[in-house]
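To start, the structure under review is shown below, and the notes come after it.
Please treat every number below as a calculation from the coordinates, not as lab data. Just so we're clear, the structure is a prediction, and the values are computed from it rather than from any experiment. Neighbour counts run over all protein chains shown; Cβ positions are idealised from the backbone, glycine included.
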Amino acid sequence: MEKTERAVKITAIILNVCSLLMTVIIFCFYLKFDRNIIELKKQNAFLDEQIEQQNQLTDDLSAVYKTKLEELDSYKDFEELILNEKEAYYNDIIDLEQKILSGETNKKIAYLTFDDGPYRLSESFLDVLDEYEVRATFFYLMKCEATGYDEEFSDVYDRVYRRIISSGHTLGNHTASHKFGEEGVYQSADYFIQDLLKNRSFIYDRYGYKTTVMRFPGGSGTSSMTPYIIPRLKDINYVYVDWNAETGDGKKVMSAETYTANVLNNTEGKNILVVLMHDYSENTLKALPDIITGLRKQGYILLPLCNRSVACH
Amino acid sequence: MKRNRTSFVLYLSIFVFLLIIAIGVLGYFLYAGKKDEIEVANSLSEKQLQLVIEDNELISEKISETDEKIERYRQDDRYEELALWKRLREQLKSQLSS
């Protein structure tokens, strides 16, 4: 009996020891498992963070891509964009003219115009205009192999035309031949128009530039024929422009100082100034920087002409 | 009386032993379930991360392609012309504000 009791006691002790051991083992496993779970949770949190970062990156990249696509789309129709921007620039000029005329602003505009070119000196004139960041207007004739004169400078002229157009200057039509006399451009209105259109086609065919501003050789008051020509200009989409200041280089060779003074001393009361010059004159070339700075000092903004300007008729 | 007490201790020891084993087994299953759950979640997260990274690489490639196209447009003469008119407008604006 005692033996049985003893066996039961021993069994109970063994069971208790085992229970204790099991408890310890389970606790150890618990600690290990807990560490594993914590590690996995950390991994999960890290992955979530990575996903969050990558999603943020996706948003950023998508925004950049969208902007790039918009930029790409904006380039697809260059012609329209250029036309719009050019039109907006001329609209700004016309707005400014209107404000000047209504007295809303004390700013003034000067349109520098160069007649009768191209000449071999024209590139030097363009250099000066570039240096002073001025856009001007060039009323050019048809000087090419076909007209049989100045053939030796055809390459230079070609460069001049291209530079005028690509730099944002205005290219105007000054007739093809610029001839005076009985067989000149003023012999009849029809002849004048034909001569004018000949030059327009020459410029358009070679450079893709459509001239819309013209100047009569000698000015609109030079011939009794001009009153017959003027009404017909509108039909061929032209406006004409004269001038209200000049260097005088077309009349007589004078010093650069005189040319400068001729312009700067004759600006009083002229809020919109159209200056006549010729880009063949070396003294005009010398005077040009002083004319530009002088006009700017007098408050003039130097701009290229457009066919909607009040200076045009 | 003494015998009854010994038997009670034995039964109690057996009960405790079994209880501890049951707790251990239950704990293990709970752990295994939790571990599986987190591992599945991690696996899904890894796949999702991979997909997002691939998406980003794809968008980056598209941006590069678009950049190349934009650069080709910028090298176009007409881009210069467009830039010129924009510059002239800016110049006029600054002259008017000065």
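Points 7 angstrom from Cα along the Cβ direction at B:N4 and A:E79: gap in nanometres? Spacing of the two 7 Å Cα→Cβ label points: 11.5 nm. Shown is the FRET efficiency for B:E90 and B:I53, computed with R0 = 45 Å from the Cβ-Cβ distance and rounded to the nearest 0.05: 0.60. Total lysine pairs in chain B at Cα distances under 28 Å, for residues eight or more apart or on different chains: 4. Rounded is the label for the range A:84-302, because the ratio a/c of its alpha-carbon gyration tensor axes (a ≥ b ≥ c) stays below 1.5. Peptide B:25-34 shows a mean partner chain C-beta count of 2 within 10 Å per residue C-beta. Amide H contacts for A:F216 (H built 1.01 Å from N in the peptide plane; partners 5 or more residues away or on another chain; cut-off under 5 Å): A:V241. What the phi angles of the range B:15-20 give under the Karplus curve with 6.51, -1.76 and 1.60, with θ = phi - 60°, is a coupling list of 4, 4, 4, 5, 4, 5 Hz, glycine and proline written as x. The overall shape of the range A:138-252, judged from the alpha-carbon gyration tensor, is rounded, with an a/c ratio under 1.5. Between A:F180 and A:V185, the built amide H atoms are under 5 Å apart, and every one of these is 5 or more places off in sequence or on another chain. For the pair A:R296 and A:K66, a Förster radius of 45 Å applied to the C-beta separation gives a FRET efficiency near 0.55, rounded to the nearest 0.05. Measure nothing but the geometry: give the 0 to 90° angle between the long axis through the Cα atoms of B:77-97 and the longest principal axis through the Cα atoms of chain B, rounded to 10°. Once rounded, one gets 80 degrees.
Do any of A:K210/A:K234; A:K99/A:K270; A:K108/A:K210; A:K179/A:K210 go past 26 Å between their Cα atoms, and which? As for pairs spanning more than 26 Å Cα to Cα, those are A:K108/A:K210. The lysine pair tally for the range A:1-76, using Cα distances under 20 Å and a gap of 8 or more places or different chains, is 4. Panel order for A:T113, A:T4, by other beta carbons found within 10 Å of each beta carbon, from fewest to most: A:T4, A:T113.
Here's the picture: charge each Lys and Arg Cβ at +1 and each Asp and Glu Cβ at -1 in the protein assembly as shown, and of A:Y161, A:C312, A:I13 the one pushed furthest to the positive end of that dipole is A:I13.
Using Cβ contacts closer than 10 Å as the measure, can you line up A:T267, A:T105 from fewest to most? Let's see the in-between values first.
Working: A:T267 19, A:T105 14.
With the fewest neighbours first, A:T267, A:T105 line up as A:T105, A:T267.
Between amide H atoms placed 1.01 Å from N, distances below 5 Å from A:L302 occur with A:A110, all of them 5 or more places distant or on a separate chain.
What is the gain in length, in nm to one decimal, between A:T222 and A:V24 on full extension, counting 0.36 nm per residue of separation less the C-alpha to C-alpha distance? Please list the in-between numbers first.
On the way: separation 198, 0.36 × 198 = 71.28 nm, distance 12.05 nm.
Length difference between fully extended and current span is 59.2 nm.
Applying the Karplus relation 6.51 cos²θ - 1.76 cosθ + 1.60 with θ = phi - 60° to the range A:7-16 yields 3J(HN,Hα) values of 4, 5, 4, 4, 4, 4, 4, 4, 4, 5 Hz, where x marks Gly and Pro. Applying 1/(1 + (r/R0)^6) with R0 = 30 Å to the Cβ-Cβ distance of A:S201 and B:Q75 gives a FRET efficiency near 0.45.
Computed 3J(HN,Hα) for the range A:89-101, one whole-Hz value per residue from the Karplus formula 6.51 cos²θ - 1.76 cosθ + 1.60 where θ = phi - 60°, is 5, 5, 4, 4, 5, 5, 4, 4, 4, 4, 5, 5, 5, glycine and proline marked x.
Using helices alone, I'd like the mean residue ellipticity at 222 nm for the protein assembly as shown: each DSSP H run of four-plus residues gives -39500 (n - 2.57), total over residue count, nearest 500. My calculation for the protein assembly as shown gives -23500 deg cm²/dmol from helical runs alone.
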